[in-house]
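Enquirer: Please see the structure below; I have some questions.
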Amino acid sequence: DSPPAMRTFYGKRLPRFTAEQSRFVNGSADFFALNHYGSSWSEYFEPAIVEEAPHDGTLSKITTDGLVHGQSVWLYGAGWGLRKLLNWVHRRYGHPSIYLTEGGWSVAADTADEGIKDTDRVLYYANYTSEMLRAMTQDGVDVRGYFAWSLMDNFEWEQ
């Protein structure tokens, strides 16, 4: 069944599984698909404060001090955050094969020359893929692929 926190938050909107159904689906995934663009961290709040807060994100206090900021307001680059996330998924879900199905960096290019050189995006991918490699070679995480966000991925949104 779903974790208690999800059951509390979503209630009847979540399906109920019988014990037999839970046993059948538990551990049945072929791989873990993960989207990751950037990193940030949040501040701890006392449980009493959290219980009284609406579940709409207004209580969130995100810290991004010292992180590189992309063009998108929500995008903060930190390859070490990807490595930490890969390790967490590796431990939490029993060492699955992981595919990074989406990730990328937005940056404004005011001139054609800036768009061609694209240094910020090159640095982003170099940082993220090197941290992914460390997770694989030093930490034993089974990453099978990384799919970079591209011009073609946005085509669907423009239709």
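The values are calculated or read from the model by the stated rules, or taken from the named source; none is laboratory data. Quantities reported herein were computed from a predicted structural model and do not represent experimental measurements. For neighbour counting, all protein chains shown are included, and Cβ atoms are generated from backbone atoms with ideal geometry for every residue, glycine included.
Enquirer: Take Thr129 and decide whether it is polar (S, T, N, Q) and modelled with pLDDT under 90.
Expert: no
Enquirer: Of the numbered conditions (1) assigned to a loop (DSSP other than H, G, I, E, B); (2) touching a residue at least 12 places away in the same chain (Cβ under 8 Å), Ala109 fails exactly one; give the number of that condition.
Expert: Unmet condition: (2).
Enquirer: Quick check on my filter: what residues within region 10-28 are under 24 Å from the mean Cα position of the chain (by Cα), surrounded by 11 or more Cβ atoms within 10 Å (Cβ to Cβ) and part of a helix (DSSP H, G or I)?
Expert: If the condition is that a residue be under 24 Å from the mean Cα position of the chain (by Cα), surrounded by 11 or more Cβ atoms within 10 Å (Cβ to Cβ) and part of a helix (DSSP H, G or I), then Tyr10 is the only one that fits.
Enquirer: Same structure again: Could you list, in sequence order, all residues of region 28-57 that are modelled with pLDDT under 85, among the small types (Gly, Ala, Ser) and over 30 Å from Tyr124 (Cα atoms)?
Expert: Within region 28-57, Ala48, Ala53 qualify.
Enquirer: Given the condition surrounded by 18 or more Cβ atoms within 10 Å (Cβ to Cβ), in contact with a Ser or Thr (Cβ under 9 Å, 6 or more places away or on another chain) and of a type outside the set (A, V, I, L, M, F, W, C), answer yes or no: does some residue in region 124-139 qualify?
Expert: No, the conditions are met nowhere in region 124-139.
Enquirer: Related question: Within region 85-102, how many residues turn out to be within 21 Å of Asp139 (Cα to Cα) and surrounded by 13 or more Cβ atoms within 10 Å (Cβ to Cβ)?
Expert: Adding up the residues that qualify gives 12.
Enquirer: Quick check on this structure: which one of Gly115, Gly70 is surrounded by 17 or more Cβ atoms within 10 Å (Cβ to Cβ) and at pLDDT below 90?
Expert: Working: Gly115 fails: surrounded by 17 or more Cβ atoms within 10 Å (Cβ to Cβ).
When all the criteria are applied, what remains is Gly70.
Enquirer: Kindly provide the set of residues from region 1-34 that are closer than 28 Å to Arg83 by Cα and of a type in the set (Phe, Trp, Tyr), ordered by number.
Expert: Correct list: Phe31, Phe32.
Here is a yes/no grid of residues against (1) out of contact with any helix residue (DSSP H, G or I) (no Cβ under 9 Å at 6 or more places or on another chain); (2) over 28 Å from Gly103 (Cβ atoms); (3) polar (S, T, N, Q):
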position	(1), (2), (3)
Arg7	yes, yes, no
Gln21	yes, yes, yes
Val25	yes, no, no
Ala29	yes, no, no
Phe32	no, no, no
